[in-house]
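See below for the structure under consideration.
Laboratory data are not the source of any read-out in this text; all were calculated from the coordinates shown. These numbers were taken from a predicted model, which means no experiment stands behind them. Please note: Cβ atoms are built from the backbone with ideal geometry, for glycine as well, and neighbour counts cover all protein chains shown.
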Amino acid sequence: MKLLESKRILVTGVANRWSIATGVARKLHEHGALPALTYQGDRVRAEVEKLAAELGNAPTVECDVSSDESLRALREWIVANVGALDGLVHSIAYANKEDLAGKVFDTSRSGFSLALDVSAYSLVALAGALREAFNDGASIMALTYLGATQIVPNYNLMGIAKAALEASVRYLSFDLGERNIRVNAISAGPIKTASSRQVGGFSRILDVVPKVAPLHRNVTAEDVGNMAVFLASDLAGAVTADVHFVDAGYHAMGLYAAPSDPARSGEN
C-alpha cells in the first residue's frame, strides 16, 4: 500500500546519492509521493538532476536558504511548477570545519552566526516563505541529531545549532497547528555522508553504535526515509512538536555492559 499517493513534498538538502535527504526522497517516492528537490549551486546541480530523473523526473530548483530573495523565488517556483505542498523535508546544515573541532569557546562570532543561520533559522525562514504554499494538514520535518541534547565530542557548534533547530520545531508546530500543519524532527543515528565525515572521530562513532545500541546495528538513510514516510502520511495526523529517534535505540542508553560482561550475556 502506498501511503503518500500524489502528495507533493519538497525535499531540501539533496547533494549526492549518499545524502540522507536522498534516502528520504527515495522512500517518499516509493510510497507514491511526488517529490521536488532543491539544491545549492552549480557544483551539485548535475548530480541532483540525475537523482531527480530516478524519482519520476522530479522537478529541481536552486535555493540558497541564507538569501531572502532566493526563498521568495522558491515560493514563486513552487506555485508555478509544483502546486500546493503536502510536505517539506528540511535536511540542511552547515558549519565551518574549524568550528567542528577544538573548543566551543573558540568559536568565532561569524562562525556561530553562519551555523545558526543555515542550520536552524533556515527552517523558520522556509516555513515563513512557504506558509501560503502549504495545504492545510501538511507535514514539515527537520533532520537533527543526538548532539542537540547530549555531548558528542567534536560535534561542537553543530550540536548547538541542532538544539536551536529542535526548539524551532516546537514553536513552529504551535504557530502552524491552527491549520493542522504538523512539525516534527527526525533524530537520525550516525550515517556516513559527506557532511558527517567533517566531524572528527566520526568513524569511531560508527564502530561504537552497533556495540551499544539495543538493535546492535547502525542505521541507514532508508531507515530515516521510512520514518519520514510515516510522518508525511495521514497515519501521523495527531503527531507534532516532537523529536523521533531513528538510531537503533542508541539515544536511550546510559551506562552499558561490555559484550563480555556476564550481565550482558545473561550468565550468573
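Phi angles across segment 91-102 convert, under the Karplus curve 6.51 cos²θ - 1.76 cosθ + 1.60 with θ = phi - 60°, into 3J(HN,Hα) values of 10, 10, 7, 7, 8, 4, 4, 5, 8, 10, 8, x Hz, Gly and Pro given as x.
Out of Ser66, Ser19, Ser187, any idea which swings most in a Gaussian network model of the chain, alpha carbons joined below 10 Å? In the Gaussian network model the winner is Ser66.
Close amide H contacts of Leu34 (hydrogens built in the peptide plane, cut-off under 5 Å, sequence separation of 5 or more or a different chain): Ser6, Lys7, Arg8, Ile9. Taking amide H positions as modeled 1.01 Å from N, with prolines and chain starts lacking one, the residues under 5 Å from Glu62 and 5 or more places away or on another chain are Tyr39. The dipole here belongs to segment 35-153: it is taken about the Cα centre, uses +1 on the Cβ of Lys and Arg and -1 on the Cβ of Asp and Glu, and is about 240 debye. Considering only beta bridges that DSSP places wholly inside the chain, some 0 percent are antiparallel.
Checking the cross-link pairs Lys97/Lys162; Lys7/Lys192; Lys162/Lys192 against a 22 Å limit on the alpha carbon distance flags Lys7/Lys192 as lying beyond it. Scaled against 2.2 N^0.38 Å for its residue count N, the alpha carbon radius of gyration of segment 79-201 is 1.13.
In the chain, the calculated helix contribution to ellipticity at 222 nm averages -11500 deg cm²/dmol per residue, counting -39,500 (n - 2.57) for every DSSP H run with n ≥ 4.
Which of Glu49, Glu166, Glu98 moves the most in a Gaussian network model of the chain with Cα springs under 10 Å? Per the Cα network of the chain with a 10 Å cutoff, Glu98 tops the list. For Ile151 and Asp42, what does the FRET efficiency come to when R0 = 45 Å and r is the distance between their Cβ atoms, rounded to the nearest 0.05? The calculated FRET efficiency here is 0.75. Note on segment 8-249: percent of Cα-Cα distances in each 5 Å bin, starting at 0 and stopping at the bin with the largest distance, equals 1, 7, 14, 19, 21, 18, 12, 6, 2, 0. Taking the three principal axes of the alpha carbon atoms in segment 95-149, the coordinate ranges are 45, 23, 15 Å, sorted in descending order. At q = 0.21 Å⁻¹, what log₁₀ I(q)/I(0) does segment 2-64 have when each alpha carbon counts as one equal point scatterer in the Debye sum? Result of the Debye calculation: -0.71. Proximity of backbone amide H atoms, modeled 1.01 Å from N, is registered between Thr144 and Ile186, Ser187, Ala188 at under 5 Å, excluding neighbours fewer than 5 places apart on the same chain. Restricting the calculation to Cα atoms, every distinct pair contributes to the Kirkwood radius of segment 38-141, found to be 15.3 Å.
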